[in-house]
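Worksheet: one structure, shown below.
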Amino acid sequence: MDLTWETEEDLGNPFTISSSRFFASANQDGSFGGNCGFWLPPIRVLDKLRFYHGGEALQTDTISIDPGVVQLSGKVDGKSWNQTYFCPIEEAACVVQFESDLDSVSIELEAKYLKASSPLRTEKGVTSWNHEDKVIQVENEEEGYYTTILSDTSIDFDENDKKINLGSDDVAFVVSGSLESKSEAEEIARELMSSQEDILEEKKEFIEENLHEIANFDSPDEKLNKSFSWAKFAMEKLYHEGEVGGGYFAGLPAFPNFFGRDTVWSVLGLNSSGRFENVRESLETLGKVQSEEKGRCKLEGEIPHEFSLDGERVHYNSSDGSLLWVKGVHDYLKWSGDEDFLSENYEKIKKAIKWAFEKDENGDLFVENWMELFSDSVLFLIDTSWMDTTIRWKAAVDIQGIFHEALTCGAELADRMDDDEFAQTCRDTADKLKKKINEVYWNEDEDYFYDKKGLLKMGGSTTSNPIILALFDVADEEKKEKVLEKIGSEEFTTDWGVRSVSEDDFLYIPGGWGILSYHNGKVWPLITGWCCAAEYKTHKPEIAKKQLDSFKKLTEIGSPGVLPETVRGDKLEPADCYHQAWSSAMLVYDVVSGLLGIEPDSFNNKVKIEPHLPDDWDYASLDNLLIGDNSVDLSFSKRDDGWEVVLRSEEPIEVNLSMPGEFESVEKDGNELSVTKEENSGCIHTRVDLEIDGESELIFS
């Protein structure tokens, strides 16, 4: 599949390329601004590398983006130029190649050594610039920041204006950084300069082997196929190795830090695409910064909201990060079957759940998300929900749904560890919590759940947050149906996704008001992903497919191939961070776990498959789906009287396959199987249970 994205419009948006230790970001028109630049996180080692001709900045006419490579191109007085960016797989550097028919080119450089230290941005400043032949060295020796800009040809550098003057020759630069020494930065640059084409070829092979071939989805919907493949790569561009460990940035270029809740929502898509090694590292990194004691704005067992890559600044003010970490661990283990990870981290899992018991300050079973009464700080901090710019005192509805899911996951993991007492505690608490959520949070007048339990009464805006109760099977069936119906209506669902707040709410602000509109009515791919998965899970494929289709629109705005953090609630216009991890993760999650209905159980060597393919599709397939140490392929082909399903596995695996439709017979390799008819929300399925070892053909007719 050709994944090239090309555009000539709206070239003010940024793009990003990355290695696991470095990233570079610029605007599509070739300019730099905001958080753009060349980053060795948490330090921006070069702010600007901008090309000029005749004193005028070169303006992009077309941008072409492939996985791992970005090319800007344009013309000046009929003469063409091309500028190409790519990063190696792991090294702390970026290659910038420039080719043109122009007779002269100048390049302006700028460096301030901006430090992103969760959530602050501070400029440390440059102490010296040095130039010799092909090398420009920038440094702040006091802080230990070093940058090398290496050219493949001798350059004329004006140290006063920080400008490179070139003739008509094509040129290549390597921008590298080090937080250790000047010599290390230069060594990295020289090594890459001598093997640029080999490095680019290695990057392409890495992308092919690790991203294209694993969880490869195909269907008649070419846009969805392409968006799915790009979403896998967009997530990978955010993986980074920091001092504290490996993990995924929340988004670039705005958020070059690690976040608790963002990581875990992203894990759902990463597991679906087989990135087990990176997921394990990410979850371990979160576990490393789990609080081991009660202290300033934290309790024992708390997973932070946000922390810097060097671990110097850790902010624990999250009301769901600890609970989501348990969910993320559980999801990883169900996909990977990594028993060692469970045994190594079991005590941390228990501490994260016990954290929630302590956050129930008044014994009403609900986790509070408000002022940190445990804080040693003079200024109380708020334990935020995902709506971290909105005051949702005292107990938000989605937090309670996530708490219930963490208890359910915790009980299963305790069973694996033969910890019967803790498993029973989790189950008993979950049963009581589910009943109480449905009693306390249900608004009889509106036939919908309240958004929060306030200090004195129930209240809050009409938000999409109750979808969490449907996604995690917390809402009673009748209430769940009403939630899904409301959120699936035009009140919430647009052609490009789901709004965070109902358009009928008195606080609905679709965009344009900065922090006031951030959580008050914009469309979020994150929420869209929750809703899509919940709709598929509850057998409402029509509205689910509409929400899934919205991702195709979102992949084509902003920067080609990546999904933004938010979009305006009243029109298709991207906002906030343009490349957000959980936005891309939700697309992958919705295809694998929603559309195809795949639920792995690696511990017991089982997988459930319950697809809801659109009526106008005649085929679909997913190749090289990783479940534990096994690889599974599945394909569906429509017949005149039903479906042909081909399943392949490298190792034996038990399969629960539930196809939508009331079929009279199911044959496996010519032998008839016993079937079970199931009905959910008016959707009839025919289920068969079988073992696959190698390849088997099933005929549903």
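The values are calculated or read from the model by the stated rules, or taken from the named source; none is laboratory data. What you are looking at is a predicted structure, and each value in this text was computed from that prediction instead of being measured. Reconstructed Cβ throughout: ideal geometry from the backbone, glycine too, with neighbour counts over all protein chains shown. Surface accessibility is based on the protein's heavy atoms, side chains included, excluding ligands, DNA and RNA. Shrake-Rupley method; radii C 1.70, N 1.55, O 1.52, S 1.80 Å.
Stretch residue 222-residue 208 to full length: gain in nm at 0.36 nm per residue minus the Cα-Cα span? That works out to 3.2 nm of additional length. The angle separating the long axis of helix 525-537 from the principal Cα axis of greatest extent in the chain is about 30 degrees. Heavy-atom accessible surface of residue 452, to the nearest 10 Å², is about 40 Å², with a 1.4 Å probe and all protein chains retained. Of the chymotrypsin sites (Phe, Trp or Tyr not before Pro) in region 454-528, the ones in a loop by DSSP (not H, G, I, E or B) with at most 14 other beta carbons within 10 Å are 506, 513. Pairs of Cα atoms nearer than 8 Å and 6+ residues apart set the relative contact order; for region 510-627 it is 24 percent. Taken along the Cα-to-beta-carbon direction at a fixed 7 Å, the label points for residue 6 and residue 515 span 4.4 nm. Helix 276-288 and the long axis of the chain differ in direction by around 90°, with both axes built from C-alpha atoms. Using a probe of 1.4 Å, the accessible surface attributed to residue 162 totals some 50 Å² when neighbouring protein chains are kept in position. Taking the charge dipole of region 255-403 about its Cα centre, with +1 at Lys and Arg Cβ atoms and -1 at Asp and Glu Cβ atoms, the residue from 355, 270, 400 reaching farthest to the positive side is 400. The ellipsoid equivalent to the alpha-carbon distribution of region 449-517 has semi-axes of 21, 17, 9 angstrom, derived from the gyration tensor eigenvalues as √(5λ) and listed largest first.
Computed on region 261-401, with alpha-carbon pairs under 8 angstrom and 6+ residues apart, the relative contact order is 25 percent.
Mind pulling up the Rg/Rh value for region 184-230? Radius of gyration and Kirkwood radius, both on Cα. Before the final figure, lay out each step's value.
Values: Rg = 16.2 Å, Rh = 13.0 Å.
Result: Rg/Rh = 1.25.
Quick one, can you get me the convex hull of the C-alpha atoms of region 12-164 expressed as volume per residue in Å³?
118 Å³
Here, region 405-540 is characterised by an Rg to Rh ratio of 1.03, where Rg is the alpha-carbon radius of gyration and Rh the Kirkwood radius. The Cα atoms of region 621-701 cover 36, 28, 21 Å along the three principal axes, with the biggest extent listed first.
Rounded to the nearest 20 debye, the dipole size of region 135-257 about its Cα centre is 620 debye, using +1 on the Cβ of Lys and Arg and -1 on the Cβ of Asp and Glu.
Take 280, 44 and sort them by solvent-accessible surface of the protein heavy atoms, 1.4 Å probe, largest at the top. Kindly include the intermediate steps, with their values, before the conclusion.
On the way: 280 55, 44 20 Å².
Ranked list, largest accessible area first: 280, 44.
Calculate the tail of P(r) for the chain: the fraction of all Cα-Cα distances greater than 52 Å, expressed in %.
Values: 29643 of 245350 pairs.
Counting every Cα pair in the chain, those more than 52 Å apart make up 12 percent.
About its Cα centre, the dipole of the chain is roughly 2400 debye, where the only charges are +1 on Lys and Arg Cβ and -1 on Asp and Glu Cβ.
Checking the Cα-Cα distances for 434/482; 294/457; 226/480; 115/237 against a 24 Å cut-off, the pairs over it are 294/457; 226/480. Model label sites at residue 476 and residue 629, defined 7 Å from Cα along the beta-carbon direction, differ in position by 4.8 nm.
Per the 1.4 Å probe, what fraction of the accessible area of the chain, in percent, lies on carbon and sulfur atoms? The partial results should precede the final answer.
On the way: 10740 of 26220 Å².
For the chain, the apolar C and S fraction of the accessible surface comes to 41 percent.
Taken about its Cα centre, region 161-200 carries a charge dipole of about 260 debye when Lys and Arg each add +1 at the Cβ and Asp and Glu each add -1 at the Cβ. For region 10-70 versus region 104-180, the spacing of their alpha-carbon centroids is 15 Å. Once all protein chains are placed together, residue 249 keeps about 0 Å² accessible to a 1.4 angstrom probe. Accessible area ranking (1.4 Å probe, heavy atoms, ligands and nucleic acids excluded), largest first, for 619, 332, 316: 619, 316, 332.
The convex hull around the C-alpha trace of region 1-97, projected and averaged over every direction, spans 6.8 square nanometres. With angles folded into 0 to 90 degrees, how steeply does helix 339-359 sit against the dominant principal axis of the chain? Use alpha carbons for both and round to 10. Once rounded, one gets 80 degrees. Here the gap between residue 90 and residue 677, fully extended at 0.36 nm per residue and compared with their Cα-Cα distance, gives a gain of 206.2 nm. Whole-percent P(r), region 248-354, all Cα pairs, 5 Å bins from 0: 2, 13, 25, 26, 19, 10, 3, 0. Only Cα pairs under 8 Å and at least 6 apart count here; give the relative contact order of the chain as a rounded whole percent. Result for the chain is 10 percent. Our analysis of region 298-432 gives Rg over Rh at 0.97, with the two radii drawn from alpha carbon positions and Rh computed by the Kirkwood formula.
Rounded to the nearest whole Å², what accessible area per residue is found for region 543-701 with the 1.4 Å probe?
On the way: 6050 Å² over 159 residues.
About 38 Å² of surface per residue is accessible.
Label positions at residue 130 and residue 572, each projected 7 Å from the Cα along the C-beta direction, are separated by 5.4 nm. The share of alpha-carbon pairs in region 494-613 lying farther apart than 24 Å comes to 30%.
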